[in-house]
Amino acid sequence: MSFTGKYELQSQENFEPFMKALGLPDDQIQKGKDMKSISEIVQDGNKFKVTVTTGSKVLSNEFTIGEECEMELLTGEKAKTVVHMEGNNKLVATLKGLKSVTELNGDTITHTMTMGDLTMKRISKRI
């Protein structure tokens, strides 16, 4: 299953408490909470490029399944991780105590991030 495509955020749960726990400033949280971010994913075999645009903020990460890479977090911090593929539709990574699971089902991507007992879920649809 190919992840390649553009996806627009449709809904999110626990955005504000999760972003506070990450250490994002309140003004950034307030600006970001109502914006419909666009995620663009380009998959070439096991290589991925993921670009998330939220307003004027662009976050871009590239990785190859099973190989160590450096990713930029929402806070601007960089961390090393290895992204794994579960089945043919789920990308899983753990970085700096944060577990990220991105699951593709048809035209819907569900991105779940968990840190301790706090979970944020974002649902995006292919556009």
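Which whole-number percent of Cα pairs in the range 5-126 have a distance greater than 25 Å?
Everything past 25 Å amounts to 16 percent.
So what does E67 come to for accessible area, using a 1.4 Å probe and Å² rounded to 10?
100 Å²
Using Cα springs under 10 Å in a Gaussian network model of the chain, which residue among K99, K36, K57 shows the largest mean-square fluctuation?
K57
Test of understanding: in a Gaussian network model of the chain with alpha carbons linked when under 10 Å, which of M19, M113, M35 would top the mean-square fluctuation ranking?
M35
Roughly how many Å² is the accessible area per residue of the chain, as a whole number, for a 1.4 Å probe?
Averaged over the residues of the chain, the accessible area is 56 Å².
Using r as the Cβ-Cβ distance of D27 and E72, and R0 as 22 Å, what FRET efficiency do you calculate, to the nearest 0.05? It would help to have the intermediate numbers written out before the result.
On the way: r = 20 Å, r/R0 = 0.91.
The calculated FRET efficiency here is 0.65.
Going by accessible area, probe 1.4 Å, with all protein chains left in place, what is the ranking of T112, T75, largest first?
Largest to smallest exposure gives the sequence T75, T112.
Within the accessible area of the chain, what % is carbon and sulfur when the probe is 1.4 Å and the other protein chains stay in place? If you can, show how the numbers build up before the last one.
Numbers: 3390 of 7140 Å².
In the chain, the share of accessible area belonging to carbon and sulfur is 48 percent.
Given the options S37, S56, S100, which has the most mean-square fluctuation in a GNM of the chain, springs set between C-alpha atoms less than 10 angstrom apart?
For the chain, modelled as a Gaussian network with Cα springs under 10 Å, the answer is S56.
Take the cross-link list K33/K121; K99/K125; K36/K78; K36/K80; K31/K90; K49/K121 and give me the ones stretching past 19 Å between alpha-carbons.
Violating the 19 Å limit, Cα to Cα: K99/K125; K36/K78; K36/K80; K31/K90; K49/K121.
The values are calculated or read from the model by the stated rules, or taken from the named source; none is laboratory data. The shown structure was predicted, so the numbers you read here are calculated from the model rather than taken from an experiment. Cβ: placed from backbone, ideal geometry, glycine included. Neighbour counts: every protein chain shown. For the accessible areas, the whole protein counts, side chains as well, though only heavy atoms, and no ligand, DNA or RNA atoms are used. Shrake-Rupley method; radii C 1.70, N 1.55, O 1.52, S 1.80 Å.
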